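Read the figures in this text as sums done on the coordinates, not as results from a lab. Model, not experiment: these values are computed from the prediction. Heads up, the Cβs are rebuilt from the backbone with ideal geometry, glycines too, and the neighbour counts pull from every protein chain shown.
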Amino acid sequence: MTNTDKDAWTLWWIITIFIFVATIAFYISSHTKKIELTLVKGEKVDAKLFRLSSHNISMKMLFSKRNAKKRLELGKWQTVGDWKETGMYEFTNPGEPIKLLLKNQNQELIYEALPASSSNIRELMLYREDNNSFQFPLIHRIEKRFLIDSGFSDFSITILEVGKSFEGEKVLLYINPPLGFKTAVNNLLYSFLWFFYLWPIYVFILFIWFLILIFKKDTPS
């Protein structure tokens, strides 16, 4: 084996290890945490997450479909007025209220459910006490949100308020990952890891490169 061949194998191994580590980081960053909740006032669950970099929490709640009937209590994503001008969403049917308290050693914030954006999913956003259940501020205009630190983080989720139609219902709370196919947290690390949605292509290229190196090794000089 020539020095050139050794250098080629060394480079192949370095890139392979890099792709392997980055792909693991990609899977960690794109994993959705799912928590089963029973919608009863005072219900409390503990959540444990691992993040490579800190970011604001993003959550949604998945409800069951009942005999294919439209559930009016989930609300409807239909706005009135000019939200671009007012900086507020105003909904005709915001749905019955659901409020969650997120708490750890450093933070204590309340989140509330928006009206359903699809047939059975309600996004959650930071609660603003304004005595108007029909209005919600635009998310990008909310500066203070619940921060998930890098590394392991623990916090509790307590149900503060739940509409009558939801009492006792079991739902799935999705804590969205910082990395999604359509969106990613505005962070250099997560922006880089987004490209590992293409990891099968990188593996295929490495495999072809590997075959070329093997072929060259077995070919007499």
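Based on other C-beta atoms within 10 Å, arrange Glu96, Glu167, Glu73, Glu129 from fewest to most. Working shown, then result.
Numbers: Glu96 20, Glu167 12, Glu73 17, Glu129 6.
Neighbour counts put them in this order, fewest first: Glu129, Glu167, Glu73, Glu96.
For Pro94, what is the net charge nearby, where nearby means another residue's Cβ is under 14 Å from its Cβ and Lys, Arg count +1, Asp, Glu -1? If you can, show how the numbers build up before the last one.
Details: positive: Arg71, Lys76, Lys99, Arg122, Arg128; negative: Glu73, Glu90, Glu96, Glu112, Glu123, Asp130, Glu161.
Net of charged neighbours comes to -2.
What nm distance separates the two modelled labels at Leu147 and Phe204, each placed 7 Å from Cα along Cα→Cβ?
A separation of 4.2 nm, rounded to one decimal place.
Could you compute the FRET efficiency for Tyr197 and Asn120, with r as their C-beta to C-beta distance and R0 at 30 Å, rounded to 0.05? Walk me through the numbers before you get to the answer.
Details: r = 26 Å, r/R0 = 0.88.
Plugging the Cβ-Cβ distance into 1/(1 + (r/R0)^6) gives 0.70.
Please express the Cα-Cα pair-distance distribution P(r) of the stretch 91-221 as a list of whole percents, one per 10 Å bin, running from 0 to the bin with the greatest distance.
9, 28, 27, 14, 9, 7, 5, 1, 0
If you average the sequence gap of Cα pairs under 8 Å that are 6 or more apart and divide by the length of the chain, what percent do you get for the contact order? Before the final figure, lay out each step's value.
Numbers: 371 pairs, mean separation 73.2, N = 221.
Relative contact order for the chain comes out at 33 percent.
In nm, to one decimal, how far is the Lys70 label point from the Glu43 one, both placed 7 Å along Cα→Cβ?
2.6
Relative contact order of the stretch 93-187: what whole-number percent is it, with Cα pairs under 8 angstrom and at least 6 residues apart? Before the final figure, lay out the partial values.
On the way: 104 pairs, mean separation 30.8, N = 95.
Relative contact order, the stretch 93-187: 32 percent.
Rounded to the nearest 500, what is the chain's calculated 222 nm mean residue ellipticity when only DSSP H runs of at least 4 contribute -39500 (n - 2.57) each, over all residues?
Details: 4 runs with 57 residues, N = 221.
Roughly -8500 deg cm²/dmol at 222 nm, from the helical runs in the chain.
For a bin width of 10 Å, list the pair-distance distribution of the chain built from all Cα-Cα distances, rounded to whole %.
7, 26, 26, 18, 9, 8, 5, 1, 0
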